[in-house]
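Working notes, structure below.
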């Protein structure tokens with residue numbers, strides 16, 4: 001399944017889960033859609049109102065560091081984000097992305113390229129092909145490791161909850 005969308009470049013490393021989903025909402029009982037309305041609120045207050053289905057976030061190293069709260073993945077997924085491309089991820093964030101079936105693609109070269117061309121690439125179109133392990137941005141093509149094994153099975157099932165339901169019959 002190919003993903004096409006606009007690029008949101010977060011020109012920073014160590015973007016933590018409290019920035020992705022503000023900590024002040026952690027213990028509120030919000031629906032997925034309500035969580036989405038607060039996505040990236042502390043980084044860009046207008047993000048949730050401007051993001052469109054299929055848009056792609058590009059960030060630096062250690063994306064999703066901090067707490068293990070799944071809301072930091074859920075809010076992006078339900079805001080319409082089709083994928084996140086980063087130089088690297090905090091391990092728990094990466095696992096939560098698989099559990100929620102949100103593409104978290106590790107591609108340091110694409111991250112570096114995007115961050116060195118922020119002005120010209122922000123808002124431009126990106127194309128990702130997770131099956132082939134390629135992404136195209138600004139006329140450049142980058143490769144990344146494709147998902148495999150149990151992670152791919154969980155992702156293809158629609159996330160960990162759906163995978164578990166199917167396994168339990």
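See the values below:
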{"item": "Matching residues in region 90-107 - criterion: being without any contact (Cβ under 8 Å) to a residue 24 or more places away in the chain and out of contact with any helix residue (DSSP H, G or I) (no Cβ under 9 Å at 6 or more places or on another chain)", "result": "91"}
{"item": "2 or more residues over 15 Å from the mean Cα position of the chain (by Cα): qualifying helices (runs of 4 or more DSSP H) within region 14-106", "result": "32-36, 47-50"}
{"item": "Cross-chain or 6+ apart pairs with Cβ under 6 Å, region 109-120 first and over 22 Å from residue 145 (Cα atoms), then surrounded by 18 or more Cβ atoms within 10 Å (Cβ to Cβ)", "result": "118/9"}
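Every read-out reported here was derived from the displayed coordinates using simple, explicitly stated rules and does not represent laboratory data. None of these values were measured; they are calculated from a predicted model. When we count neighbours, we look across all protein chains shown, and the Cβ atoms used for this are built from the backbone with ideal geometry, even at glycine.
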